[in-house]
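Supplied in structure tokens, the structure appears directly below.
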Amino acid sequence: MSDDTIFALSSGAPPAAIGVIRISGSGAGDAGRALAGDLPEPRRAAVRSLRNSEGELLDEALVLWFPGPGSATGEDLLEFHCHGGRAIVAAVKRTLASRVGLREAEPGEFTRRAFANGRIDLAEAEGLADLLEAETELQRASALAMAGGTLSRQANLWREELLALSAIVEASLDFSDEDDVDELPPSFTSRLREFSGEVAQWLSRPTAERLKDGYRIVLAGPPNAGKSSLFNALTESQGAIISPHAGTTRDLIERSVAISGVPLTFVDTAGLREEGAEEIEAIGIARARDALETADCVLWLGEEGQGPPQAWEIETKVDLPDRPGKASAVSRVSAETGSGIGELVEKLVRTARDAMPRPGETALNRRQRRLVSELGIALAGAGRVSDPLLVAERLRTGRLALDALVGRTSTEDMLDGLFGRFCIGK
Ligand SMILES: Nc1nc2c(ncn2[C@@H]2O[C@H](COP(=O)(O)OP(=O)(O)OP(=O)(O)O)[C@@H](O)[C@H]2O)c(=O)[nH]1
Ligand SMILES: [K+]
Ligand SMILES: [Mg+2]
């Protein structure tokens, strides 16, 4: 990592009411003094006149000074809260860039420094990134829990439990030259089992990707079944072309919407038919079949029982008098009159919500999930062997997974923790 002092506009693109420019690094204080004359007391906002190196007034701004290491990045950190006009923000940035040792920050560089300086761990950093990308309420709540350290705290509890279990194993190793003491106590086995159960419970939760990508609902059925009409009604859009011509839709049409804070992605597809499709439509049908594979839920508008397993039978065009009914219909709708659409949306939202992480519940992303499952495998492994040396080895594997989870690289403090728990007269 470079020791440059970095700066960036940390608020939204100008023009805006205010423009927050942050400067982090050893040169932040000098840069602040150069532009603002002097710095306010740490952590107190004060108004200052910002000037360039020629002494020309750039703006009247609020200045905040956070000396390191107790700052967000762990370094000296300065904030200018300027007026958010384009020219003002550009002039302040230009003045900063002209100073030796200062440069514009790379994407994510403030957070990266916060991590490097131990102000946040990896899981929190990941949560923060998700938080900034969150588009729906559910995403926001879950990311906030992650950024707030829910997983990190859990990882630390798991870590302590691993160390405690390791201490028990170590103790049994110490006495193993005496007779019959290389057996692990029954309490060890029950603690290990409880621990495994807790890890399994985390792994059984819906993943963060589900939250990010949205719950995928694919509309499928034969040509002219009314898929595109229903798609438009569900997404309240005119995204798909509707016509009485069979084979109108060829490509997949996707639209993501958030309903009651739940991210849903609707996918309209080409009508499925075995024969009579011309070349382009045939490609569309192949794509439709692929879409069915990745669907979280299929709305089947075709003949009853002819859809993929688990698909929701949808009876559509209910405004027409002589249509074939569906005994097992989950929903009866008309895209024409709008009847039944609201109820179908409600059902979908309920189902999707159940498949998503609970509000405020920390959802593991792919990386975190892989490491937590490595921990789970290590615990299961420890439960299957009786040789204390092998048990100790499995527990160590679990610790490595946890360290990777929070981005800890050294194992030094792990050993400190382990021996710090040793209170059996050693
Ligand atoms: N009366 C009535 N007509 C409907 C309804 N839904 C669709 N239609 C009509 O059915 C025809 C086909 O509708 P589409 O939505 O294009 O059907 P599709 O399944 O997307 O067709 P393809 O894309 O060709 O596979 C159109 O003429 C629509 O106006 C409905 O609820 N009521
Ligand atoms: K059609
Ligand atoms: Mg269509």
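Taking the residues in the stretch 221-247 that are in contact with a helix residue (DSSP H, G or I) (Cβ under 7 Å, 6 or more places away or on another chain) and either closer than 30 Å to Pro359 by Cα or touching a residue at least 24 places away in the same chain (Cβ under 8 Å) (or both) as candidates, determine which candidate is farthest from ligand 2 (Cβ to nearest atom).
Leu234
Any residue in the stretch 318-345 that's more than 20 Å from Ser228 (Cβ to Cβ): show its pairings with residues that are in a loop (DSSP other than H, G, I, E, B) at Cβ separation under 7 Å, as long as the two are six or more apart or on different chains.
Listed by first residue and then by second, the contacts come to Ala327/Glu304; Ser328/Glu304.
Looking only at the stretch 368-382, decide whether some residue is over 18 Å from Glu160 (Cα atoms), surrounded by 21 or more Cβ atoms within 10 Å (Cβ to Cβ) and either modelled with pLDDT of 90 or more or touching a strand residue (DSSP E or B) at 6+ places or on another chain (Cβ under 9 Å) (or both).
no
Assigned by TED's automatic domain parsing to the domain that holds Pro309, within 12 Å of ligand 3 (Cβ to nearest atom), assigned to a strand (DSSP E or B) and touching a residue at least 24 places away in the same chain (Cβ under 8 Å), is that true of Val218?
No: the conditions fail for Val218.
On the basis of being within 37 Å of the chain's Cα centre (by Cα) and either modelled with pLDDT of 95 or more or not aromatic (Phe, Trp, Tyr) (or both), does Ala327 make the cut?
no
One line per residue, one yes/no per condition, for (1) away from ligand 1 (no atom under 13 Å from the Cβ); (2) more than 24 Å from Lys317 (Cα to Cα):
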residue	(1), (2)
Ala246	no, no
Ile253	no, no
Val257	yes, no
Glu274	yes, no
Glu278	no, yes
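Could we say that Glu303 is more than 16 Å from ligand 3 (Cβ to nearest atom), over 37 Å from the mean Cα position of the chain (by Cα), assigned to a loop (DSSP other than H, G, I, E, B) and surrounded by 13 or more Cβ atoms within 10 Å (Cβ to Cβ) here?
Criteria met by Glu303.
Counting only residues that are part of a loop (DSSP other than H, G, I, E, B) and within 10 Å of ligand 3 (Cβ to nearest atom), how many does the stretch 252-279 have?
Selection size over the stretch 252-279: 3.
Okay, next question. I'm checking my understanding of the structure. Among residues of the stretch 11-33 that are assigned to a loop (DSSP other than H, G, I, E, B) and modelled with pLDDT of 90 or more, which one is surrounded by the fewest Cβ atoms within 10 Å (Cβ to Cβ)?
For the stretch 11-33, the residue satisfying everything is Ser26.
Limited to the stretch 313-346, what total is found for residues that are assigned to a helix (DSSP H, G or I) and either surrounded by 14 or more Cβ atoms within 10 Å (Cβ to Cβ) or in contact with a Gly (Cβ under 7 Å, 6 or more places away or on another chain) (or both)?
3
Taking Asp174, is it assigned by TED's automatic domain parsing to the domain that holds Glu343 and not hydrophobic (A, V, I, L, M, F, W, C)?
No: the conditions fail for Asp174.
Return yes or no: is Arg287 surrounded by 13 or more Cβ atoms within 10 Å (Cβ to Cβ), among the charged types (D, E, K, R) and more than 16 Å from ligand 1 (Cβ to nearest atom)?
no
Can you report the number of residues in the stretch 138-175 which are at pLDDT 90 or above and of a type in the set (Phe, Trp, Tyr)?
Number of matching residues: 1.
Scan the stretch 250-265 and tell me whether some residue there is over 22 Å from Gly340 (Cβ atoms), in the same structural domain as Glu336 (by TED's automatic domain parsing), within 32 Å of the chain's Cα centre (by Cα) and buried (at least 22 other Cβ atoms within 10 Å of the Cβ).
Yes - at least one qualifying residue is present in the stretch 250-265.
Here are some residues: Ala240, Ala200. Which one is near ligand 1 (Cβ under 8 Å from one of its atoms) and of a type in the set (A, V, I, L, M, F, W, C)?
Ala240
Here's something else I'd like to know. Can you pull out the residues in the stretch 229-243 that are surrounded by fewer than 23 Cβ atoms within 10 Å (Cβ to Cβ) and within 11 Å of ligand 3 (Cβ to nearest atom)?
Matches in the stretch 229-243: Ser229, Asn232, Gly239, Ala240, Ile241, Ile242, Ser243.
The values are calculated or read from the model by the stated rules, or taken from the named source; none is laboratory data. This one's a predicted model, so the numbers in the text were calculated from it and none came from an experiment. Positions of Cβ are generated from backbone atoms using ideal geometry, with glycine treated the same way; all protein chains shown enter the neighbour counts.
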